[in-house]
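First the structure, in the form of structure tokens, and then the observations on it.
Here, each number is a calculation from the coordinates, and none is a lab measurement. Note that this is a predicted model, so its numbers are computed, not measured. Every residue, glycine as well, gets a Cβ built from its backbone with ideal geometry; the counts of neighbours run over all protein chains shown.
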Amino acid sequence: MQSPFRRFSGTPNYLTNDSLEAAVNCALALERPLLVKGEPGTGKTLLAQAIAESLQLSLIHWPVKSTTRAQDGLYVYDTVQRLYDARFGDGDVKDIRHYIKLGPLGRSFAGSERVVLLIDEVDKADIEFPNDLLHEIDRMRFHITETGDEVVASERPVVIITSNNEKELPDAFLRRTVFHFIDFPDVELMKRIVRVHHPKLENELIDQAVVAFYELREMPRLRKRPSTSELIDWISVLKQSGVGKERFVKELPFLGVLLKKEQDVETYRAAKKGGGWRA
């Protein structure tokens, strides 16, 4: 049964723009997975949470690892637990169904209500995983070999797939998804995002912190530029420690919140020493 179409327009805690909303609503209308790319900290994972909140649906999170297979997302047969119970006399080992554990994809099919399924960092898995994954999503049903049962989805899940561009994804996979690249926020949007997380912070402090943050991101030779989440954390530390704008006009206190690589810290210190930082 097809669910009534409901549009996504962001949430009070997740700010969007027209292009992102259009991509999400296109995926909802076509009932296709939405593939979201962007540098870390641009809100790819949080987007799925916002969609679930906006559509009033439950969220199932499937973090992908290098060893993940599409079959793992459907179900696993816990033979180790069954052997343990057989040895120590716990549980009904005769009923195999007790040892069938549905995976994230299986749970998104088995429920009676529609859910949002977040498949996080799909590019970490083997090259065959993306195509195998969409094959299972297209079928909307699967057999449990050990019991002979068939799980048939009554509602197609809203599927959000994130990628950090660690490897190329197959063309066949890309053709079957709706794609959106989340650009890093510009200065004005970043200020709005900060105000969502720090609503009581004075505007002048936000302005100074955001300007310093972008000047740091624009430094050459940084291996890992600080992300939105690191800016939010940094401002929290500034606020809790009582550091005013006077101190970070010429320096960046609590630099370890923003820069996470030793080489980047040295790059900043060298630039500061040479007069290249806010000269």
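With everything on Cα atoms, drop me the angle between helix 203-217 and the longest principal axis of the chain, reported from 0 to 90° to the nearest 10. The answer is roughly 80 degrees.
The stretch between HIS135 and SER19 holds 39.0 nm of extra length on full extension. This uses 0.36 nm per residue minus the Cα-Cα distance. Treating r as the C-beta distance of ASN165 and LYS260 and R0 as 22 Å, the FRET efficiency rounds to 0.70.
Evaluate E = 1/(1 + (r/R0)^6) for ARG223 and ASP78, where r is the Cβ-Cβ distance and R0 equals 45 Å; express this FRET efficiency to the nearest 0.05. That gives a FRET efficiency of 0.60. In this simple spin-label model, placing a label point 7 Å from the Cα along the Cα-to-Cβ direction at both ARG192 and ASP85 gives a separation of 5.3 nm.
Positive contributions from Lys and Arg (+1) and negative ones from Asp and Glu (-1), summed over other residues with Cβ under 15 Å from the Cβ of ARG156, come out at +2. Considered as an equivalent ellipsoid built on the Cα gyration tensor, the chain has semi-axes of 43, 22, 18 Å, the largest given first. Taking other residues whose beta carbon is less than 14 angstrom from the beta carbon of ASN131, and scoring Lys, Arg as +1 and Asp, Glu as -1, yields -3. Take every DSSP beta bridge whose two residues both sit in the range 18-181; close to 30 percent of them are antiparallel. A helix-only calculation puts the chain at -12500 deg cm²/dmol for mean residue ellipticity at 222 nm, using -39500 (n - 2.57) for each DSSP H run of at least four residues, averaged over all residues. Here r is the Cβ-Cβ distance between VAL211 and ASP126 and R0 is 35 Å; the resulting FRET efficiency, rounded to 0.05, is 0.20. Rounded to the nearest 5, the antiparallel percentage of DSSP beta bridges internal to the chain is 30%. Note: the range 18-181, Cα convex hull, 128 Å³ per residue. Measuring against 19 Å, Cα to Cα, the residue pairs LYS37/LYS167; LYS200/LYS239; LYS224/LYS261; LYS44/LYS65; LYS37/LYS101; LYS37/LYS124 contain LYS37/LYS101 as the ones spanning a longer distance.
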